[in-house]
Amino acid sequence: SLVLRDHWRTFLQRDEEEAAALSIVRRPLVAPAAGQHPALSTNHPFYDVARHGILQVAGEDRFGRRVITFSCCRMPPSHELNHRRLLEYLKHTLDQYVESDYTIVYFHYGLNSRNKPSLGWLQSTYKEFDRRYRKNLKALYVVHPTNFLKVLWTIFRPLISHKFGKKVIYFNYLSELREHLKYDQLLVPPEVLRYDEKLQDLHKGRSPPPAKTPPPRPPLPTQQFGVSLQYLKDKNQGELIPPVLRFTVKYLREKGLRTEGLFRRSASVHTIREIQRLYNQGKPVNFDDYGDIHIPAVILKTFLRELPQPLLTFRAYEQILGITSRCLPSPLREEPPAVVGVESSLRVTRCRQILQSLPEHNYAVLSYLVGFLHEVSRESIFNKMNSSNLACVFGLSLIWPSQGVSSLSALVPLNLFTELLIEYYEKVFSTAEAAGSSAPAPLRQVSGAAPSLEASRETDPPWAPPRPPCLRGPGRR
């Protein structure tokens with residue numbers, strides 16, 4: 001109604017006045033220059049919108065679901081942004097994740113009378129995001145809600161289903177996100193951080209003091225999660241393949257290869273934490289007791305995400321980002337030509353070259369994992385998980401930057417690299433093609449296993465090529 005629309009404008013003005021009262025100076029909304037984000041190509045189909053950084057992919061939450069953030073403070077004035085293009089960019093981004101469970105974090109701070117979209121745009125946007133988008137959206141976290149949002153909710157209440165409404169959760173402070181998300185992975189704009197600090201100062205004395213973080217404890221001898229590959233090898237008598245990885249792969253190969261949506265579904269965080277505790281304490285885990293094939297799949301992904309360093313290593317991150325560009329020499333430089341990208345016909349070869357720089361232990365574990373994922377992709381007629389879909393799930397679990405998180409534009413090369421590893425597993429990891437190179441050959445079977453693990457041994461899968469002597473467990477460097 002007109003009355004509600006008037007309230008909408010009034011409360012938006014009040015929000016701006018309250019922000020001004022907190023002495024928060026809004027920095028000018030300037031679009032970043034093209035060269036500031038090397039991973040974002042000017043050829044991006046939505047470069048005109050993506051360059052503002054309104055939308056970002058920020059790792060995963062504590063349930064293993066992909067997190068996408070929307071920052072209002074990054075929106076330029078309305079006359080500088082085509083909101084129809086913004087809607088198309090939203091759909092283009094979400095289309096990559098809607099087949100799996102996902103979470104959205106909405107940073108409300110920064111929405112004002114200059115950059116707000118129209119009510120009509122908001123209504124058409126909600127209608128365009130049909131059941132396909134809403135079904136697997138498991139949570140919509142609204143950070144720093146205001147009275148303006150309450151009015152907006154009243155306007156849209158007739159359109160919003162009760163089921164969708166239950167997914168909306170409000171947080172007054174950024175600290176409240178820590179219980180639900182891996183906060184360190186979030187890309188929180190500096191403006192939002194400053195606003196949150198001002199709110200904390202304003203309400204000081206009303207909110208309880210933050211709990212003191214206990215000092216870190218040394219890992220248990222049986223620890224499986226959150227420790228390095230080297231630690232796991234040392235504690236498992238030289239075994240190269242971590243027990244959790246071997247157990248979950250064995251179980252999924254036997255009982256889950258044809259499960260539709262394998263690796264795409266999340267699981268109860270309580271159950272996952274309980275299984276992690278059992279593994280870390282060296283106690284047996286029987287996945288049959290849980291009755292959900294997606295639980296071992298989530299455990300496998302959780303193990304990879306909680307490694308102190310990604311399986312593909314921090315060093316390989318920049319190399320992988322060049323997998324989608326052209327291969328151009330650098331004639332003006334004195335140093336050797338830099339490989340800034342690779343032609344499509346050379347990408348598989350480039351994958352092999354990148355893997356040559358991996359530590360041999362990482363290479364062995366990667367070969368074991370990717371070989372299994374290749375086997376999963378061969379059953380895609382049943383499980384709907386081809387190499388492309390698997391790459392979308394595992395890309396950010398295999399590689400991430402040493403500082404911050406991967407930008408939205410970095411997902412294309414990261415996922416493409418992962419897809420190439422899975423799709424062309426035999427070529428990328430081939431022993432025959434690696435002859436004469438310094439790259440270690442793929443793992444077939446690892447000796448030196450701990451006696452307590454013998455019962456879990458499986459026979460080698462058909463995709464595993466012969467193991468050379470250089471990868472024997474106890475004798476490795």
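Would you tell me the accessible area of residue 234, worked out with a 1.4 angstrom probe on the heavy atoms of the protein chains, in Å² to the nearest 10?
Accessible area of residue 234: about 100 Å².
Skip the ligands, DNA and RNA, and give the accessible area per residue of segment 58-171 with a 1.4 Å probe, whole Å². Before the final figure, lay out each step's value.
Working: 4810 Å² over 114 residues.
Accessible area per residue: 42 Å².
Give the accessible surface of segment 258-300 per residue, rounded to a whole number of Å², with probe radius 1.4 Å and ligands, DNA and RNA excluded.
On the way: 2030 Å² over 43 residues.
Per-residue accessible area for segment 258-300 comes out at 47 Å².
Work out how far the C-alpha atoms of segment 103-151 reach from end to end along every principal axis, then list the three figures in whole Å, largest first.
Dimensions of segment 103-151 along the principal axes of its Cα atoms: 31, 23, 17 Å.
Rank 139, 92, 153 by how far each Cα sits towards the positive end of the charge dipole of segment 92-153 (+1 on Lys, Arg Cβ; -1 on Asp, Glu Cβ) and give me just the farthest.
153
Given a 1.4 Å probe and heavy atoms of the protein chains only, how would you sort 270, 108, largest accessible area at the top? Each step should come with its number before you reach the end.
On the way: 270 135, 108 5 Å².
Output order, biggest surface exposure first: 270, 108.
In the full protein assembly as shown, how much of residue 130 is accessible to a 1.4 Å probe, in Å² to the nearest 10?
Using a 1.4 Å probe on the heavy atoms, I get roughly 70 Å².
Using a 1.4 Å probe and ignoring any ligands, DNA or RNA, find the accessible area of residue 260 and quote it in Å² to the nearest 10.
120
How many percent of the accessible area of segment 71-163 is carbon or sulfur, using a 1.4 Å probe?
Working: 2180 of 4110 Å².
On segment 71-163, the fraction of accessible area on carbon and sulfur atoms equals 53 percent.
Which of the pairs 135/163; 91/384; 182/283; 138/166; 182/235; 138/384 have their Cα atoms more than 18 Å apart in this structure? Write out the running numbers ahead of the final one.
Working: 135/163 10 Å; 91/384 22 Å; 182/283 27 Å; 138/166 10 Å; 182/235 28 Å; 138/384 21 Å.
Beyond 18 Å: 91/384; 182/283; 182/235; 138/384.
The values are calculated or read from the model by the stated rules, or taken from the named source; none is laboratory data. All of these numbers come straight from a predicted model, not from anything done at the bench. Ideal geometry is used to build each Cβ from the backbone, glycine not excepted, and the neighbour counts take in all protein chains shown. Heads up: the accessible areas ignore ligands, DNA and RNA and are worked out on the full protein's heavy atoms, side chains in. Shrake-Rupley method; radii C 1.70, N 1.55, O 1.52, S 1.80 Å.
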